[in-house]
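Single-structure report; data block below.
What follows is calculated from the coordinates using simple rules that are stated; it is not laboratory data. As the structure is a computational prediction, the values presented were derived from the model and not from experiment. Cβ: placed from backbone, ideal geometry, glycine included. Neighbour counts: every protein chain shown.
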Amino acid sequence: MLRKAIALPLLAGLAIPVFADDANVLPQGVLRTTIAPSITTIDSVFESDGSTADPQFGKVTVNTLSLALEYGVTDWLTAGVQWAPGYVLSGGVADEESIDLSGANDLFVGAKIQLLGSSGLSRSDSMRLAITPGIKIPTSSYDADAERSNALASDDFRPQRTDRGAWGLGARTSFDLIITENFYINLYNQTSVFLETTQDFGVQVVEGVGVFSVEDAKVQYGTEMIFEAEANYTMNMANGIRTSFGLPVTYTMTGETEVNGNVSAANEESWSVAVGPSVSVFFTQWALPMEFQLGYSTVLAGENSNATNTISLQVKNFLRL
C-alpha cells in the first residue's frame, strides 16, 4: 500500500517554511516581490515512535517554486499574497517512477499589522510585535477517478493532491526582541484551522489486491501550528550592501485528519523539529533594490513526518510606487 507515498505531497510542502517572517513591515508605498525556488529531498521518515526508517519507495525529490507579493498600505500595515510553498514543479520517488508529486499548494492572503515597533501603532525601539490575520485558499485540482485510471494503466499518477483542498483561517504572530542595533531574536507562530470539505482524497494501491480511489469524501484536516525562534544578525559590508545571518529552529505540529469520520495510520497527528540557517545579501542602493537569501533546512526529529532536507533561494526586489 502506498501509505507513505500518499502522505508525501502534503508533508513535503509543509517542510518549506520559506516566508516565516520577523515583525518588520514595509514602508508605505513600497511593493516587494519574492521568487523562491527550492529543492527538497527525503531520505528517511520518522515513524510514530520517533524512530527513523527508509522511505517505502526510496528517496523522494521535490522541486518547488514559491511566490509572494506584498505592499505597504501604511507604515504600520502591509497587505500581501503568499504562495509558499507554491507550485511543485516536479516531484517523484526513486523506486516508483509512476508516482507524480507535482501540483499547487494553498495560497495565503493576509494583512500584517505592526502593533509595536518603530513604525507600529504603539512606538518602541526595543521590541517589535506584529500580527497577520489571513485566509488560506485552496488552489489545486484533483480527480481521484482519473488518477486511479492512470495507475491501473501503469501511467504516471498523483496519489494525492498537493494542498489540502480546504479553506483555512488563521493568523501569524511575530515578536522581535532587539538586543543591539544589529542583533535581534524573533519568536514566530503560525496557526491555521481548516474547514471541513468534501473532496476526492486520494488513490491507494494495495499490492496483490487492487487500486482504490477515495472520492467525494468528507475530510476534516487537523489544525496546523508552527513555532519558530530565530537569532538574526545584520552588518553593513560596504556602502549600500547589507548582510544578514539567521538561525531559526522550527517546531511544526499538525492534528489528525478525519476522512469520512475515520483516522487512518497515514493521517495521524504529527510533529517535527527543524533547523534552517540562512545568509542574505541586500543591495540597498541599486536602482531596484534587491535581496538574495540562501537557506538550508533539515528536520532533526519528529513523529509521523518526513526527514526533509531543503535548499532554497529567495530573490526579493523592492519598488516604491
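Numbers for the structure displayed
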| read-out | value |
| --- | --- |
| The stretch 136-204 - Debye-derived log10 I(q)/I(0), Cα point model, q = 0.22, 0.25 Å⁻¹ | -0.92, -1.03 |
| Length added when fully stretched, Ser244-Asn262, from 0.36 nm per residue minus Cα-Cα | 1.8 nm |
| Residues Tyr251 and Ile135, FRET efficiency given R0 of 25 Å [Cβ-Cβ distance, rounded to 0.05] | 0.60 |
| Computed lengthening from Asn63 to Leu121, 0.36 nm per intervening residue step minus Cα-Cα distance | 16.9 nm |
| The chain: angle of helix 3-14 to the longest principal axis, Cα-based, in degrees nearest 10 | 10 degrees |
| The stretch 14-83, Rg to Rh (Cα coordinates; Rh as Kirkwood inverse mean 1/r) | 1.20 |
| Residue order, fewest to most surrounding Cβ atoms within 10 angstrom, among Met237, Met225 | Met237, Met225 |
| Relative packing of 283-290, 115-122, 65-72, 255-262, which averages over residues the other C-beta atoms within 10 Å, highest first | 65-72, 115-122, 255-262, 283-290 |
| Normalised contact order of the stretch 3-320, rounded percent, pairs of Cα under 8 Å and 6 or more residues apart | 18 percent |
| Computed helical MRE - 222 nm, the chain, DSSP H runs ≥ 4 contributing -39500 (n - 2.57), nearest 500 | -2000 deg cm²/dmol |
| Counting all C-alpha pairs of the stretch 3-320, share separated by more than 31 Å (%) | 31 percent |
| Dipole magnitude of the stretch 216-267, debye to nearest 20 (Cβ charges: Lys/Arg +1, Asp/Glu -1, about Cα centre) | 280 debye |
| Number of Lys pairs (Cα under 30 Å; 8 or more positions apart or on different chains) in the stretch 3-320 | 8 |
| For the stretch 163-321, the spread of Cα positions along each principal axis, largest first, Å | 66, 33, 32 |
| Over the stretch 215-279: Rg over Rh, Cα atoms, Kirkwood Rh | 1.31 |
| Mean Cα-pair separation over length for the stretch 105-190, i.e. relative contact order, pairs under 8 Å, 6 or more apart, % | 29 percent |
| Taking Tyr251, Tyr188 and counting other C-beta atoms within 10 Å, the order from fewest to most | Tyr251, Tyr188 |
| Virtual paramagnetic centre 7 Å along Cα→Cβ of Glu303, amide N under 11 Å, in the stretch 226-241 | none |
